[in-house]
Amino acid sequence: MKNSFSISFHTTSSRQFTLKCIAVLLAITPASTVFAHVVLEDQVALAGSSYKAVFKVGHGCEGSPTTAMRVTIPAGFMGAKPMPKAGWKLDIKTAKLNVPYESYGKKITDDVSEITWTAISKDSYLPDGYYDEFVLRGGLPKKEGAMWFKVLQTCDKGSNDWSQIPAVGVDAHSLKSPAALLEIIPSGTVGHQH
Ligand SMILES: [Cu+2]
């Protein structure tokens, strides 16, 4: 009895420490590129956990303000829910799932596939010189691996289509318009297992 209690307490704090280390590593690697594009605040998460995706917008399109943000929900991301934003209209699309899943005993065959925030008026436009975040939450698959969120950033003039996914062995930082990457790591990713 004593052993199992101490293992679970110990595991949680080390897990957070591990995640923080990885997140810091990711954050310092080509700082200029990572922070400039539309990227996720937390770029590492545990398999099977619920995840808050914070999309960071650090600039517009060649100086033009952002007027809409469309996020394509990747396969495996379950029950996506957007955070409303004052001055922005929300549109949510759903689609039939290739692989249905169970949620609280219910079979889920259709799920959210796309979320769009659109500025209601010019007053809501996100100027190039400002920074903002667009947030959604959902459940992660039990399987670890890379999950790419394609984001279409529409501006008053032009747009940025952050949708490039690197081929195996290609560094995402070398891409002009990379999709936003989330590294899903095994839920047991902590120092030592008993
Ligand atoms: Cu950029």
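Beyond 22 Å, what share of the Cα-Cα pairs of the stretch 39-194 is found? Please give it as a whole percent.
Percent of Cα pairs beyond 22 Å in the stretch 39-194: 45.
Calculate, for residue 187 and residue 86, the FRET efficiency according to 1/(1 + (r/R0)^6) with r their C-beta to C-beta distance and R0 45 Å; round to the nearest 0.05. Each step should come with its number before you reach the end.
On the way: r = 35 Å, r/R0 = 0.79.
With R0 = 45 Å, the Cβ-Cβ based efficiency is 0.80.
Taking only pairs that are 8 or more places apart or on different chains, how many Lys pairs in the stretch 35-166 have Cα atoms under 15 angstrom apart?
10
Rounded to the nearest 0.05, what FRET efficiency do residue 173 and residue 14 have when you use their Cβ-Cβ distance and R0 = 41 Å? Show your work: numbers first, answer last.
Working: r = 29 Å, r/R0 = 0.71.
Rounded to the nearest 0.05, the efficiency is 0.90.
How much area per residue is accessible in the stretch 35-166 when the probe is 1.4 Å and only protein heavy atoms are counted (Å²)? Don't skip to the end; give the middle numbers.
Values: 7090 Å² over 132 residues.
Normalised by residue count, the accessible surface of the stretch 35-166 is 54 Å².
Return the Cα extents of the stretch 49-139 along principal axes one, two and three, sorted largest first, each rounded to a whole Å.
46, 23, 22
If each residue of separation counts as 0.36 nm, what is the full-extension length gain between residue 41 and residue 123 once their alpha-carbon separation is subtracted?
Numbers: separation 82, 0.36 × 82 = 29.52 nm, distance 2.58 nm.
Here the answer is 26.9 nm.
Report the full-extension gain for the segment residue 107 to residue 142: residue separation times 0.36 nm, less the Cα-Cα distance, to one decimal in nm.
Numbers: separation 35, 0.36 × 35 = 12.60 nm, distance 1.69 nm.
Going from the current span to full extension adds 10.9 nm.
Largest first, how would 71, 99 line up by accessible area (1.4 Å probe)? Spell out each step's value before the answer.
On the way: 71 0, 99 115 Å².
These residues rank, largest area first, as 99, 71.
Within the stretch 35-166, what whole-number % of the accessible surface is contributed by carbon and sulfur, with the 1.4 Å probe and all protein chains included in the calculation?
Details: 3720 of 7090 Å².
The C+S portion of the solvent-accessible surface of the stretch 35-166 is 52 percent.
How long are the semi-axes of the equivalent ellipsoid of the stretch 150-189, taking √(5λ) for every eigenvalue λ of the Cα gyration tensor, in whole Å from largest down? Mind dumping the intermediate values first?
On the way: eigenvalues 135, 39, 7 Å².
The equivalent ellipsoid of the stretch 150-189 has semi-axes of 26, 14, 6 Å.
The values are calculated or read from the model by the stated rules, or taken from the named source; none is laboratory data. All values reported here derive from a predicted model rather than from experimental measurement. All Cβ positions, even for glycine, are placed from backbone atoms using ideal geometry, and neighbour counts span all protein chains on display. Side chains are part of the model used for accessible areas, which takes the heavy atoms of the whole protein and leaves out ligands, DNA and RNA. Shrake-Rupley method; radii C 1.70, N 1.55, O 1.52, S 1.80 Å.
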